[in-house]
Amino acid sequence: MHIIDIWRAFRRRPMAMVGLFMLLAVVFVAVFAPWLAPYDPHESIDVTAADILAPPDADHLLGRDDAGKDVLSLLIYGARISLLVGFTASFMSIIIGTTVGLTAGYYGGRVGNTLMRVTDFLMVIPTLPLMLVIISVWGRGIEKIVLVIGILYWTYTARLVRSQVLSVKERKFVLRSRAIGTGHFRIISRHIFPQVLPLIIAQAVLDISTAIIAESSLAFLGLGDPTAISWGMMLNFAFERAISRMAWWFLLPPGIAIVWVSLSLVLIGTAIEDIVNPRLRTHHLFDARKMIARVVGGGAGSPDETLGSGPSSGVEAGEVAG
Amino acid sequence: MFLLDVRNLSVDYMTDDGTALHAVDDVSFTLEKGRSLGMVGESGCGKTTAMLGVLRLLPAEGRIVRGDVLFEGTDLFALSENEMRAYRWKHLSLVFQGAMNALNPVRRVGDQIAEAIRLHESGINIKARVRDLLQLVGITPDMARQYPHQYSGGMRQRAMIAMALACSPEVLIADEPTTALDVMVQAQILELLQNLQREFGLSIVLVTHDLGVVAEICDDVLVMYGGKVAEYGTVDVIYNDPQHPYTQRLLQAFPDVDNPAITLTSIAGYPPPLDALPPGCRFEPRCTCASEVCATKSPRLIQIAPGHFVACHKLRSTPYGA
Amino acid sequence: MEHKPGSENIVLQVNHLHKLFPISRGIVGSLARRPKRFVHAVDGVSFCMAKGEILGLVGESGSGKSTAALTILGLLEPTEGEVLFNNQSVPELVHSRQRLQLRRQMQIIFQDPYEALNPRQTVFDTIAEPLEVHRLAASQADKAERVMVALGTAGLKPPETFLERYPQELSGGQRQRLVIAAALVLNPQLLVADEPVSMLDVSIRADILNLLRQLRDEHGITILYITHDLATAAHFTDRLAVMYLGRIVEIGPTATVLHDPQHPYTQALLSVIPVPNPRKRRKRVILKGETPNPIDLPSGCRFHPRCPVVFDQCRHVEPTLASVSPGHQVACLRS
């Protein structure tokens, strides 16, 4: 399917568009954070005892945190961290996963098997504990977090890509290209990859959500980057210090924000997945949509096939002849 | 009284934007007990749609716009859905296109046939009936315990025929029953259909694009083009004295293993797109002997000899019997 | 054989070709050392093709005709036997530096015009690809020129209107012509056509077949036509080879095989092909059962379990192809 077709199908799904707007809202906030946030959370301020965990008022719409900083500003700047981590970690894991999947799927044999065993191995290890161990040992830092997430989360993509490559590899247009003498690289880039790309896009979007949650989990457990206050870290502080005081203004907003962005990404991602992985929506006896698509159209565009005639067509059901 | 009397059947398909595609336009034919009718035409001509219309099994996009279908005098279109269900399978049944691949792969074949029986009849020994049916179609009754993947292609098709005969219908509609099968298996299935016709007086409507198959087992032939009837008559007359230019050209395009020296011809152009139907005769754009009236007026189906109907302007202007 | 091997005229020579596919025994089977089993897709096929001839390879499913074609083209490794293209071994060439050259000269057309085309490539891209892979175009202009010529030869006229279109916008017949054009642009010597028209409407099949015949007449292309449809093969081919369970059971000039079939399988096939003539009453020899799987082959003659005129020796002795008349060979103990 072409991108434009995907977009058109996407536009028709209300939940997908809702997700898109939700995400765009977060992106907007992240991009325009300096202008939107009433205060700069990086500035040190003088605080009095009364400012610590102060409830919301006119100056501070979401109150103040345990260090006296404005929660709303923290929230707004937190969006930057979350999106940054989400997009870069997802990008990394997609690159690794796609490369592994393409190679394993196309070449198969020993190479493929080895790659798949490595993938299985990594897939089986519980990622969160492993991440905790790595970060504890390696040290904190937002780049380290991105790297760790990227290196551990590519396994699903690899499996997905590999299985898709296996099926595309067998298609007749690939065989025809081989018969022409096309080399491996060109077959992969021109013929196989374009068929795999839509699935990768869907997976990438969902991976962003996973990455954001992974980072939030790490931060919540205390392994976040203290110089980059993410929503997860806000939650961490809130749990440690605000619960006893019932300071809901510090506790709820980051949690809701995480849910908001994850939900938006999942809505978008599952919609794309649904679009590019079409399940048959056919009548049990007769595919009217297919038939309509075939008999509509001007002149030379109208199809004229009787399909499925001949046993060499394999076990395909003969297509509708009218 | 005819066994099946279809009068002026018209079926439309509704597209997403509300336009109606005239897939079947004013189709009429009759079927007598023990005789078989071949509905011939190429992809998109409407033959499958017409038969699904007769059985009221159209997909959601299909609408019966006009016409009556009388089975032994009863108007099927006047029945409620519940009443119609009593007719479907018990009096008129269907082996739909690609049926042999529609068997449930995780259930035994015998159970699937039994289910068809159970849905329509009660109080009979189902196991015995299943064995009888399998025997009838040439499958050893022990095979009832096997799964579809253990059956060959030909056997699966026979199983579907057995299922269609479960309630001893008077009419069997077979849509491309031999299209995806080997030549020899095709011959076996045709022989089976012929025996069923001879021994049990089963009337068969054979929907196909294969003119050879129709010549083999059908008594009457209905040639469809662009949703309308082009020619209708006995098999002898259609093959040896075709009057409609489409019928003539179609026969010339069909290979005959007994006359390999003849050069095969083809019909230039394409079947008409349903959203841009020619205003006059639907075959006119491809017809080599079209005249002015053909482009503007759609020809009516007239009887030119007893039992021989043609829709073409170039014939004698006085219909037979007028 | 009718053609003398080694003569200048022979384009393709297939000698005792076998292609077996192993069936996985699984871990248990391997450990238990169960005997290895194979699918005998192609099991001893030999024939020649002279330049410019159209040979029909006819068989039902399980006959091995498509596997034979892919092996001949070098897209599959033969298990045994040799395939000589212009007296050079195909399996060897495929692994050598001359691989690309070989590919130029042997092309294939498939049955399914939908599946044979990459939906993301335009018509131009599809035909340009072989040129780019083989670096045949001296310049962009030269490339465009060759693409247009190929389109024209394949009957897609006017060529300019097709260049930017995608396969989805074309009809089945047009797509098949596109596949033919992409094959033609390399000026191949041998064209393997695997069921090229069986998925097209009857009323346009003749066009495609006539196009292929024209390519032979005007460009001297040798064509191996693979099909299950004896009727179209009858109209289209010079010679016919009938395959059953991986072997050729009868081969000869088309007219001879049709009028004087010697092998019981050929006779049965010809008797049951539906002909568009209701008045024709003929004795149909409808064989019982279906083609057995090519894994556990019958002993002796492979056809003996279904043969209507079998006698005892057939169960023990496997017949080989022997001449019954010049150019006409049959593998049957009766002849």
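The values are calculated or read from the model by the stated rules, or taken from the named source; none is laboratory data. All of these numbers come straight from a predicted model, not from anything done at the bench. Glycine gets a Cβ as well: all are built from the backbone with ideal geometry, and neighbour counts include every protein chain shown.
Structure above, values below:
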{"quantity": "Residue in region A:11-19 that is crowded, with 18+ Cβ neighbours inside 10 Å and within 16 Å of the chain's Cα centre (by Cα) present", "calculated": "yes"}
{"quantity": "Residue that is over 25 Å from A:LEU218 (Cα atoms), in contact with a helix residue (DSSP H, G or I) (Cβ under 8 Å, 6 or more places away or on another chain), assigned by TED's automatic domain parsing to the domain that holds A:ALA242 and part of a helix (DSSP H, G or I), where the choices are A:GLY78, A:GLY105, A:GLY97", "calculated": "A:GLY105"}
{"quantity": "Count of region B:184-211 residues which are part of a loop (DSSP other than H, G, I, E, B) and either of a type in the set (D, E, K, R) or not assigned by TED's automatic domain parsing to the domain that holds B:ILE173 (or both)", "calculated": "1"}
{"quantity": "Count of region C:250-285 residues which are in contact with a helix residue (DSSP H, G or I) (Cβ under 6 Å, 6 or more places away or on another chain), among the β-branched types (Val, Ile, Thr) and either more than 7 Å from every other protein chain (Cβ to nearest Cβ) or farther than 30 Å from B:ASP241 by Cβ (or both)", "calculated": "1"}
{"quantity": "Test: residue in region A:59-74 that is farther than 21 Å from A:ASN236 by Cβ and either assigned to a helix (DSSP H, G or I) or of a type outside the set (Gly, Ala, Ser) (or both)", "calculated": "yes"}
{"quantity": "Where C:ILE295 falls short, out of the listed (1) part of a loop (DSSP other than H, G, I, E, B); (2) surrounded by 22 or more Cβ atoms within 10 Å (Cβ to Cβ); (3) touching a residue at least 60 places away in the same chain (Cβ under 8 Å)", "calculated": "(2)"}
{"quantity": "In region C:192-212, the residues that are at the interface with chain B (Cβ under 10 Å from one of its Cβ atoms) and either part of a helix (DSSP H, G or I) or modelled with pLDDT of 95 or more (or both)", "calculated": "C:VAL202, C:SER203, C:ILE204, C:ARG205, C:ALA206, C:ASP207, C:ILE208, C:LEU209, C:ASN210"}
{"quantity": "C:VAL285 being more than 25 Å from the chain's Cα centre (by Cα) and at pLDDT 90 or above", "calculated": "no"}
{"quantity": "Matching entry among B:VAL310, B:VAL223, B:VAL235 (being among the β-branched types (Val, Ile, Thr), at pLDDT 90 or above and closer than 30 Å to C:VAL257 by Cβ)", "calculated": "B:VAL235"}
{"quantity": "Within region A:205-310, helices (runs of 4 or more DSSP H) holding 2 or more residues that are over 15 Å from the mean Cα position of the chain (by Cα), at pLDDT below 90 and within 14 Å of chain B (Cβ to nearest Cβ)", "calculated": "A:288-295"}
{"quantity": "Residues of region C:149-182 satisfying the condition of being part of a helix (DSSP H, G or I), within 21 Å of A:THR182 (Cα to Cα) and not charged (D, E, K, R)", "calculated": "C:ALA150, C:LEU151, C:PRO167, C:GLN176, C:LEU178, C:VAL179, C:ILE180, C:ALA181, C:ALA182"}
{"quantity": "Unique residue being within 26 Å of the chain's Cα centre (by Cα) and assigned to a helix (DSSP H, G or I) when the list is A:VAL137, A:VAL174, A:VAL168", "calculated": "A:VAL168"}
{"quantity": "Tally, over region B:67-126, of residues that are among the charged types (D, E, K, R) and either within 14 Å of chain A (Cβ to nearest Cβ) or not in a helix (DSSP H, G or I) (or both)", "calculated": "8"}
{"quantity": "Subset of region B:79-107 [of a type in the set (S, T, N, Q) and either touching a helix residue (DSSP H, G or I) at 6+ places or on another chain (Cβ under 8 Å) or crowded, with 16+ Cβ neighbours inside 10 Å (or both)]", "calculated": "B:SER93, B:GLN97, B:ASN101, B:ASN104"}
{"quantity": "Some residue of region C:139-147 being under 15 Å from A:ILE180 (Cβ atoms) and surrounded by fewer than 18 Cβ atoms within 10 Å (Cβ to Cβ)", "calculated": "no"}
{"quantity": "Index of the failed condition, B:ALA230 passing every other in (1) out of contact with any Phe, Trp or Tyr (no Cβ under 6 Å at 6 or more places or on another chain); (2) touching a residue at least 24 places away in the same chain (Cβ under 8 Å); (3) among the small types (Gly, Ala, Ser)", "calculated": "(1)"}
{"quantity": "Selection status of B:TYR225, in contact (Cβ under 8 Å) with a residue 40 or more places away in the chain, crowded, with 23+ Cβ neighbours inside 10 Å and under 16 Å from the mean Cα position of the chain (by Cα)", "calculated": "yes"}
{"quantity": "Qualifying residue in region C:118-128 (condition: polar (S, T, N, Q), touching a strand residue (DSSP E or B) at 6+ places or on another chain (Cβ under 8 Å) and not in a helix (DSSP H, G or I))", "calculated": "no"}
{"quantity": "Single condition B:ALA60 does not satisfy, out of (1) in the same structural domain as B:VAL235 (by TED's automatic domain parsing); (2) assigned to a loop (DSSP other than H, G, I, E, B); (3) in contact (Cβ under 8 Å) with a residue 40 or more places away in the chain", "calculated": "(3)"}
{"quantity": "Tally, over region B:1-21, of residues that are touching a strand residue (DSSP E or B) at 6+ places or on another chain (Cβ under 7 Å) and either under 19 Å from B:TYR232 (Cβ atoms) or surrounded by fewer than 19 Cβ atoms within 10 Å (Cβ to Cβ) (or both)", "calculated": "13"}
{"quantity": "Unique match (being among the charged types (D, E, K, R), touching a Phe, Trp or Tyr at 6+ places or on another chain (Cβ under 9 Å) and more than 21 Å from C:CYS332 (Cα to Cα)) among C:ARG281, C:ARG213", "calculated": "C:ARG213"}
{"quantity": "Per-region count, region C:286-328, residues polar (S, T, N, Q), within 14 Å of another protein chain (Cβ to nearest Cβ) and touching a helix residue (DSSP H, G or I) at 6+ places or on another chain (Cβ under 9 Å)", "calculated": "1"}
{"quantity": "Subset of region C:141-173 [polar (S, T, N, Q) and either more than 11 Å from chain A (Cβ to nearest Cβ) or touching a residue at least 40 places away in the same chain (Cβ under 8 Å) (or both)]", "calculated": "C:THR153, C:GLN168"}
{"quantity": "Among the residues listed as C:VAL39, C:VAL58, C:VAL83, the single one being surrounded by 23 or more Cβ atoms within 10 Å (Cβ to Cβ) and away from chain A (no Cβ under 14 Å)", "calculated": "C:VAL83"}
{"quantity": "Filtered residue count, region A:1-29, keeping only those that are aromatic (Phe, Trp, Tyr) and over 28 Å from A:GLY78 (Cα atoms)", "calculated": "2"}
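So that you can scan it fast, the table gives a plain yes or no per residue for (1) more than 19 Å from B:THR48 (Cβ to Cβ); (2) surrounded by fewer than 24 Cβ atoms within 10 Å (Cβ to Cβ):
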{"residue": "B:SER152", "(1), (2)": "yes, yes"}
{"residue": "B:ALA159", "(1), (2)": "yes, no"}
{"residue": "B:LEU165", "(1), (2)": "yes, yes"}
{"residue": "B:SER168", "(1), (2)": "yes, yes"}
{"residue": "B:ILE173", "(1), (2)": "no, no"}
{"residue": "B:THR179", "(1), (2)": "no, no"}
{"residue": "B:ASP182", "(1), (2)": "yes, no"}
{"residue": "B:VAL185", "(1), (2)": "yes, no"}
